[in-house]
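A.B. asks: Sharing a structure below in structure tokens format, with a few things to ask.
The values are calculated or read from the model by the stated rules, or taken from the named source; none is laboratory data. Remember, predicted model here, so these are calculated numbers, not experimental data. Counting neighbours? That spans all protein chains shown, and the Cβs are built from the backbone with ideal geometry, glycine included.
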Amino acid sequence: MNDAQLLRFSRHLLLEDIDVEGQEKLLNAHALVIGAGGLGSAAAPYLAAAGVGQITLVDHDEVDLTNLQRQIMHSEAMIGKSKVESGKHFLHQLNPNTQVHAIQSKADTSLLDNLLPGVDIVLDCTDNFKTRQMINASCVKHQKPLVSGSALRFDGQVSVFDPRQHQSPCYACIFSPDETFEEVSCASMGIFSPLVGIIGAIQAAQALQVLIQFGQPLVGRMLLWNARTTQVDQLHIARNPDCPVCGKDL
């Protein structure tokens with residue numbers, strides 16, 4: 001690290017769990033953030049502020065006035081522009097040394113097959129069950145750790161799925177790809193503004209822990225946040241040996 005970086009990240013360097021070695025891991029890391037809406041708007045800025053060297057943002061959508069109640073990477077000046085370009089502008093203002101790649105596209109298997117070999121961690125900040133399943137399957141295929149978050153109305157959840165660890169479940173161990181869920185969205189159900197900030201910030205914290213390798217990330221656990229009661233619960237989750245995505249016989 002140069003002198004400017006030593007000063008910029010000095011509060012990280014004071015933490016024994018991070019120190020210079022951990023910060024250098026962040027500077028050399030590449031995070032893929034899928035979804036530049038509410039969750040991505042909280043997660044990506046903390047990754048950039050913390051010094052993650054490269055961030056790739058993937059989102060097909062454009063900024064809308066209704067987004068601004070919760071998607072803090074975007075502003076009224078960016079209405080009508082792509083969310084990834086708006087996010088890239090925001091992150092550049094926050095930390096110009098973080099290299100941001102903006103991809104305005106829906107995430108699909110082909111795109112992830114191209115992107116995942118070059119990244120160190122994936123953050124799923126989407127709001128679609130089928131997309132989450134597809135992202136999970138790609139992370140298992142490419143052996144990339146996945147930080148999964150979701151938020152709706154007053155409830156949010158976060159977990160970490162790390163296929164590099166033999167005992168780690170994957171998203172499909174908990175939510176079977178064969179199940180049928182009625183898709184709901186913020187547009188139809190509503191969402192409490194700070195909830196996506198809380199869950200997205202936890203996703204960023206989990207990603208930093210995995211990248212630096214300290215503490216106990218939420219592998220094998222799911223954190224549940226209830227914004228009505230300000231209650232936090234945890235569920236212990238186990239790997240399903242018959243999982244159609246990460247099962248032992250695959």
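A.B. asks: In segment 16-46, how many are touching a residue at least 24 places away in the same chain (Cβ under 8 Å) and among the acidic types (D, E)?
C.D. replies: Matching residues across segment 16-46 total 1.
A.B. asks: Could you list, in sequence order, all residues of segment 135-151 that are surrounded by fewer than 18 Cβ atoms within 10 Å (Cβ to Cβ) and either within 23 Å of K106 (Cβ to Cβ) or modelled with pLDDT under 95 (or both)?
C.D. replies: Quick first cut of segment 135-151, residues surrounded by fewer than 18 Cβ atoms within 10 Å (Cβ to Cβ) only: 141-143.
The answer is K141, H142.
A.B. asks: Among the residues of segment 87-102, how many are more than 14 Å from V52 (Cα to Cα) and touching a Gly at 6+ places or on another chain (Cβ under 9 Å)?
C.D. replies: Here the count works out to 2.
A.B. asks: Ok, one more. Restricting attention to segment 39-74, which residues are assigned to a loop (DSSP other than H, G, I, E, B) and of a type in the set (A, V, I, L, M)?
C.D. replies: V52, V63, I72, M73
A.B. asks: Within segment 1-18, restricting attention to residues that are surrounded by fewer than 14 Cβ atoms within 10 Å (Cβ to Cβ) and assigned to a loop (DSSP other than H, G, I, E, B), which residue is nearest to the chain's Cα centre (by Cα)?
C.D. replies: D17
A.B. asks: Just one of the numbered conditions (1) without any contact (Cβ under 8 Å) to a residue 60 or more places away in the chain; (2) part of a loop (DSSP other than H, G, I, E, B) is not true of S148; which one?
C.D. replies: (2)
A.B. asks: List the number of the failed condition for R221; all other conditions in (1) touching a helix residue (DSSP H, G or I) at 6+ places or on another chain (Cβ under 6 Å); (2) under 22 Å from D17 (Cβ atoms) hold.
C.D. replies: (1)
A.B. asks: Return only the number of the condition from (1) loosely packed, with under 14 Cβ neighbours inside 10 Å; (2) of a type outside the set (D, E); (3) in contact (Cβ under 8 Å) with a residue 40 or more places away in the chain; (4) over 19 Å from G40 (Cβ atoms) that R239 does not satisfy.
C.D. replies: Only one criterion is unmet by R239, namely (1).
A.B. asks: Search segment 102-123 for residues that are among the hydroxyl-bearing types (S, T, Y) and pair each with any residue that is part of a loop (DSSP other than H, G, I, E, B) when their beta-carbon atoms are under 9 Å apart and the residues are at least 6 apart or on different chains.
C.D. replies: Close Cβ pairs (under 9 Å, with a partner that is part of a loop (DSSP other than H, G, I, E, B)) amount to S105/D59; S105/H60.
A.B. asks: Here's another thing I want to ask about it. Among the listed residues A36, A77, which satisfies the condition of being over 24 Å from Q133 (Cβ atoms) and either at pLDDT 95 or above or not in a helix (DSSP H, G or I) (or both)? Reasoning before the result, please.
C.D. replies: Working: A36 fails: over 24 Å from Q133 (Cβ atoms).
One residue alone meets the criteria, A77.
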